[in-house]
Amino acid sequence: MALFSMRVQQIRRSAGQSPVAAAAYRSGERLYDARQDMTHDYTRKTGVVHKEIMLPDNAPAWARRLDRGSLWNMVDKRERRKDAQTAREIRIMIPRELDPAARVALVRDFVKRNFVDLGMIADLAVHCPLAADGKEQPHAHVMLTMRPLTGDGFGEKSRHDWVPDPTGRTHPDGRPVMVESNAGSWNSAAYYERCRADWEATANTALERAGSAERIDRRSYLERGLARFPEPYLGVAMHLRELHGVMKERFGQFQVARHYRAVEARAKAAFNRLGDSPTRVGEAVRMAQRFHGWFDRMTTALASEPPMGREQAKPSPGRER
């Protein structure tokens, strides 16, 4: 069953995120992060079936010389604020009904028309892990730059504000309807709704071309008139499933450590009580001496007695041959 899913998020410095780390993870590469002075190594990551950096046709010469590490380090260096948004990521579910080559061609066409042709640099990575049903789960991670290209670097971000509708529309209570001042902004909600519509049309065209009867639909169940509850997003749950074995081991170690800490605390408390009262110390010593004396007496008594069953082990005269 073909499903529609397109999630948009920002790589935010205020959340402790780094565009270099994000690019390393999505591409399965080892990249050095200059701002954090550390290396992010995801070369052991599996499931990355395609990756590339897509540049606008009019990209300057300096941009064409960038590799993945140089690109995202330059993007990160350009931002000055500690709460800066350094990159944008689009996560797109690809219909599994398409063959691997058609999946890559579909995503490349969509990314070029909707993002790269507008002046963004796109870092595309196509993943194909196994889903919960044991089948392929192809999806694409598209990291996008947020500043236009100039002759020697990145320019100013395209922004917008919310302003009253110029046509004078109002809500029933009289409040003005607010609209975006710059509909062409790369942050515009209307722009990304157009991208969602284009992905739906592009993917359905590819499915029809492949001879599949499946189609994707960006509308909600309510908008389609379907009496069904939407399924929750299980991204975090899938990560927790992968960590299940590790968590079991760590929890066992935690239980052992907590037990021995409790034993240590009780032993320290007992020694403190003995130290506070000389009488208790003497009682403890006398008890230990009585125990050792009793143990020695029992050992001596057992050594002096004949082994049990010795008399019964002697052969009877009537049975001698």
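The values are calculated or read from the model by the stated rules, or taken from the named source; none is laboratory data. Small disclaimer: the values here were computed from a predicted structure and weren't measured. Reconstructed Cβ throughout: ideal geometry from the backbone, glycine too, with neighbour counts over all protein chains shown. Protein only, heavy atoms only, side chains kept; ligands, DNA and RNA dropped before computing areas. Shrake-Rupley method; radii C 1.70, N 1.55, O 1.52, S 1.80 Å.
Some values worked out for this structure:
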quantity: Positions within segment 162-183 being open to solvent by 100 Å² or more (accessible area, probe 1.4 Å) and either at positive phi or in a loop (DSSP other than H, G, I, E, B) (or both), in sequence order; calculated: PRO166, THR167, ARG169, PRO172, ASP173, ARG175
quantity: All positions within segment 13-44 that are under 17 Å from the mean Cα position of the chain (by Cα) and farther than 19 Å from ALA87 by Cβ; calculated: ASP41, THR43, ARG44
quantity: Where ALA101 falls short, out of the listed (1) small (Gly, Ala, Ser); (2) in contact (Cβ under 8 Å) with a residue 12 or more places away in the chain; (3) open to solvent by 30 Å² or more (accessible area, probe 1.4 Å); calculated: (2)
quantity: Test for ALA140: is it outside any helix (DSSP H, G or I), among the aliphatic types (A, V, I, L, M), in contact with a helix residue (DSSP H, G or I) (Cβ under 7 Å, 6 or more places away or on another chain) and touching a residue at least 60 places away in the same chain (Cβ under 8 Å); calculated: no
quantity: Among (1) closer than 28 Å to ARG65 by Cα; (2) modelled with pLDDT under 90; (3) of a type in the set (Phe, Trp, Tyr) - the single one PHE154 does not satisfy; calculated: (2)
quantity: Restricting segment 1-41 to residues that are part of a loop (DSSP other than H, G, I, E, B) and closer than 15 Å to GLU79 by Cα, the residue that is least open to solvent (accessible area, probe 1.4 Å); calculated: SER18
quantity: Check on PRO56, within 22 Å of SER185 (Cα to Cα) and not hydrophobic (A, V, I, L, M, F, W, C); calculated: yes
quantity: Any hit, segment 111-128, residues being open to solvent by 50 Å² or more (accessible area, probe 1.4 Å), assigned to a helix (DSSP H, G or I) and basic (Lys, Arg); calculated: yes
quantity: Exclusive hit being touching a residue at least 12 places away in the same chain (Cβ under 8 Å), charged (D, E, K, R) and either open to solvent by 10 Å² or more (accessible area, probe 1.4 Å) or in contact with a strand residue (DSSP E or B) (Cβ under 7 Å, 6 or more places away or on another chain) (or both), set ARG64, ARG96; calculated: ARG96
quantity: Where a residue in segment 163-184 is free of Cβ contacts under 8 Å to residues at least 40 places away in the same chain and under 30 Å from MET120 (Cα atoms) and its partner, wherever it lies, is surrounded by 10 or more Cβ atoms within 10 Å (Cβ to Cβ) and hydroxyl-bearing (Ser, Thr, Tyr), with Cβ under 8 Å and at least six apart; calculated: VAL163/SER181; GLU180/SER188; ASN182/SER158; ASN182/SER188; ALA183/TYR191; GLY184/SER158; GLY184/TYR191
quantity: Number of the condition not met by GLU156 [criteria: (1) in contact (Cβ under 8 Å) with a residue 24 or more places away in the chain; (2) part of a loop (DSSP other than H, G, I, E, B); (3) open to solvent by 20 Å² or more (accessible area, probe 1.4 Å)]; calculated: (1)
